[in-house]
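Here's the structure we're looking at; comments come further down.
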């Protein structure tokens, strides 16, 4: 009976700002060596992004330091918090330690918690940027990785008083650099009720890990979910993965949502949609239009098929 009642479990509808990546949100790929020229310049301010969330029925925005223009002055963060409260759009903060594609998203644990608290966020998600040796397929929890995980665990343990002071939930992601078992080991090693996992529904494929297996492993620890779909295509040039609107790809998202509803902990209260559209075959203007169309399709899918979302109901 408890399992059946979980099937009616409600979640807020969130969106990772990276969904509008081609408008310069989230983070940028394609930095030149100087680290100052970005592939996609920012044309959508955070103020406008929050207004867009209201218009589109998004309850929570999952943002990065790029969306904050890397302005972490108390005055700016207080203004962001005030606007989010006025518009009733909640914020989550997404942080990396050493992102290989965009150093603007990097911060320490302590700085991230302080910034997250200043904008009124209840959760900070971390990409850990773990470096795996070759060969990748058998590198899960190998000695080279375990040393990195142990160092990360010690840093989070040292930050526990600050987490507790701000009552800040922490989510560690199976980004494109971590196996599910590595994330789970880290969560268990830190061993604090404010620390859980971030489950990204497509990242496991980049680690040569099965999507279904990773989702089922991580869901019981998930404080945060990056809800993504992907088209997996095989042709004479190999196997390819393309981001797409939710419901248009190769992942059985209703089954994924059933798993999340059944076993995710109560700390998980938001499902963050995330889309990474292909970057070829169209102009930048066409790509931006495709992102907005995919965002709206995904919001409708979450509302109408998966019963996710509060705003506009």
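Of note:
- Residue selection: residue 277 fails the criterion of being touching a residue at least 40 places away in the same chain (Cβ under 8 Å), outside any loop (DSSP other than H, G, I, E, B) and either touching a strand residue (DSSP E or B) at 6+ places or on another chain (Cβ under 7 Å) or surrounded by 15 or more Cβ atoms within 10 Å (Cβ to Cβ) (or both).
- Condition check for residue 311 on (1) modelled with pLDDT under 95; (2) over 15 Å from residue 14 (Cα atoms): one failure, at (2).
- Scanning the range 280-313 for residues that are part of a helix (DSSP H, G or I), buried (at least 17 other Cβ atoms within 10 Å of the Cβ) and in contact with a helix residue (DSSP H, G or I) (Cβ under 7 Å, 6 or more places away or on another chain) yields a total of 5.
- A count restricted to the range 194-226 and to residues that are part of a loop (DSSP other than H, G, I, E, B) and without any contact (Cβ under 8 Å) to a residue 24 or more places away in the chain stands at 1.
- Answer from 191, 247, 196, 147 - the residue that is within 20 Å of the chain's Cα centre (by Cα) and over 28 Å from residue 281 (Cα atoms): 196
- Selection from the range 107-118 of residues that are outside any helix (DSSP H, G or I) and buried (at least 19 other Cβ atoms within 10 Å of the Cβ): 107
- Residue-level analysis places residue 102 among those that are over 15 Å from the mean Cα position of the chain (by Cα) and farther than 18 Å from residue 171 by Cβ.
- Residue match in the range 222-237 (condition: more than 30 Å from residue 297 (Cα to Cα) and crowded, with 19+ Cβ neighbours inside 10 Å): no
- Tally of residues being in contact with a helix residue (DSSP H, G or I) (Cβ under 7 Å, 6 or more places away or on another chain), crowded, with 19+ Cβ neighbours inside 10 Å and over 17 Å from residue 185 (Cβ atoms) across the range 119-148: 2
Yes or no, residue by residue, for (1) surrounded by fewer than 20 Cβ atoms within 10 Å (Cβ to Cβ); (2) modelled with pLDDT of 95 or more; (3) at negative phi:
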site	(1), (2), (3)
13	no, yes, yes
27	no, no, yes
32	yes, no, yes
48	yes, yes, yes
73	yes, yes, yes
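- Between 14, 26, the distinction of being assigned to a loop (DSSP other than H, G, I, E, B) and in contact with a strand residue (DSSP E or B) (Cβ under 9 Å, 6 or more places away or on another chain) belongs to 26 only.
- Being within 18 Å of residue 173 (Cα to Cα), part of a loop (DSSP other than H, G, I, E, B) and more than 16 Å from the chain's Cα centre (by Cα) is true of residue 265.
Conditions tested, residue by residue: (1) within 20 Å of residue 199 (Cα to Cα); (2) in a strand (DSSP E or B); (3) out of contact with any helix residue (DSSP H, G or I) (no Cβ under 7 Å at 6 or more places or on another chain).
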| residue | (1), (2), (3) |
| --- | --- |
| 61 | yes, yes, no |
| 65 | no, no, no |
| 81 | no, no, no |
| 86 | no, no, yes |
| 95 | yes, yes, no |
| 150 | no, no, yes |
| 153 | yes, no, no |
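- Residues that are touching a helix residue (DSSP H, G or I) at 6+ places or on another chain (Cβ under 7 Å) and in a helix (DSSP H, G or I), drawn from the range 38-50: 46, 47, 49, 50
- Listed by first and then second residue, the pairs with beta-carbon distance under 6 Å, at least 6 apart or on different chains, first residue in the range 172-186 and in contact (Cβ under 8 Å) with a residue 24 or more places away in the chain and on the phi > 0 side of the Ramachandran plot, second part of a strand (DSSP E or B) and crowded, with 23+ Cβ neighbours inside 10 Å, form an empty list.
The values are calculated or read from the model by the stated rules, or taken from the named source; none is laboratory data. Since we're looking at a predicted model, the values are computed, not measured. So basically every Cβ, Gly included, is an ideal-geometry build from the backbone, and we count neighbours across all protein chains shown.
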